[in-house]
Ligand code: ATR
């Protein structure tokens, strides 16, 4: 009999996760099914209990439940402890174990674009929220020492640096300081919501002074090309879109559930087709 998987979040109506996971199940000849469940915050605990009781074998967790789900799980994997958030749950014989594949998914997708070790790059992270935290901790866990964080509210960047469990030489900057110093960075990672649909003309800073060899990465994938990435392209810089992170976090979750690696190319094609563009 097929197994049930899913996603909980609010909203989930436009999620592309069901399309990519169900396609990967078909590709692997697995009689499984992935369904997106709309779960309001006040129903989170009951919903998690219900999924466990009904024997759902695994599920993804999205906004706004990535942190608030933690008390309702039986155990946290190291990836979730490091990130302080859960995006994937595995039902291990009735015990719900929380994982986080966002940070490692992001790094896997970024590594595809690099021709030297990721730890040899000087990195700027824009933003100091939950998404920045996952990526920053995952990068420092990989040995990256040279990561600066700029944020509209500089105190939040300082807090993030102080909380990081892995050694690094990070500095907190405000946006203006980052713009002036931007030529120092090999990789610039945009993690804020600035540029997200429908505010597609907004960008968090100017790339005018970035070096020509820089890679500019935006975790937003709707639109695929944010205003920041459009500027990067115009300046001739290398662009890394949010589709990569989305696909790799899904692929790592799929592997946790099935012990099989799905096709990254196929998942990427489905997402690009649905978003109406190409992310390359
Ligand atoms: P997420 O979990 O998606 O990272 P979050 O934790 O609410 O969301 O963090 C949002 C990030 O986007 C923060 O870095 C925030 O900056 P502040 O700490 O100053 O609030 C940043 N952000 C959101 N809107 C912004 C805007 N209009 N301009 C600049 N930064 C913005």
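Bear in mind that the values in this text are calculations on the coordinates, not laboratory data. Just so it is clear, the model here is predicted, and its values are computed rather than measured. Methodologically, a virtual Cβ is constructed for each residue, glycine included, from the backbone with ideal geometry; neighbour enumeration extends over all protein chains shown.
Remarks
- Comparing 81, 66, 259 in a Gaussian network model of the chain, where Cα atoms under 10 Å apart are tied by springs, the biggest mean-square fluctuation is seen for 259.
- Highest-fluctuation residue, 77, 240, 14 considered, GNM on the chain with Cα pairs under 10 Å: 14
- Gyration tensor verdict on segment 91-131 (Cα atoms; rounded if a/c is under 1.5, prolate if a/b is larger than b/c, oblate otherwise): oblate
- Relative to the longest principal axis of the Cα atoms of the chain, helix 242-258 runs at roughly 30 degrees.
- Cα-based convex hull volume of segment 57-176 per residue, rounded to whole Å³: 115 Å³
- Sorted by Cβ neighbour density within 10 Å, fewest at the top, the residues 10, 150, 164, 144: 10, 164, 144, 150
- Computed over the Cα atoms of the chain, the ratio of the radius of gyration to the Kirkwood radius (Rg/Rh) comes to 0.97.
- Look at 245, 267, 113, 1 and count the other Cβ atoms within 10 Å of each Cβ; fewest to most, that gives 1, 113, 267, 245.
- Listed from fewest to most Cβ neighbours within 10 Å, the set 148, 102, 181, 273 follows the order 273, 181, 148, 102.
- Segment 1-108: Cα Rg divided by the 2.2 N^0.38 Å rule of thumb: 1.01
- Helical mean residue ellipticity (222 nm; -39500 (n - 2.57) per DSSP H run of 4+; nearest 500) of the chain: -11000 deg cm²/dmol
- Under 11 Å from a label point set 7 Å out along the Cα-to-Cβ vector of residue 46, no amide N atom of segment 92-111 is found.
- A simple spin-label model places pseudo-atoms 7 Å from Cα toward Cβ; at residue 28 and residue 158 they are separated by 4.6 nm.
- For the pair segment 147-206 / segment 1-38, the C-alpha centres are spaced 34 Å from each other.
- GNM top mover of 247, 56, 216 - the chain, alpha-carbon springs below 10 Å: 56
- Computed log₁₀ I(q)/I(0) - Debye formula, equal Cα scatterers, no solvent, segment 103-241, q 0.12, 0.16, 0.17 Å⁻¹: -0.40, -0.75, -0.86
- In the chain, the longest principal axis of the Cα atoms and the axis of helix 44-53 are about 50 degrees apart.
- Taking label points 7 Å from Cα along the Cα-to-Cβ direction, residue 118 and residue 261 give a separation of 1.6 nm.
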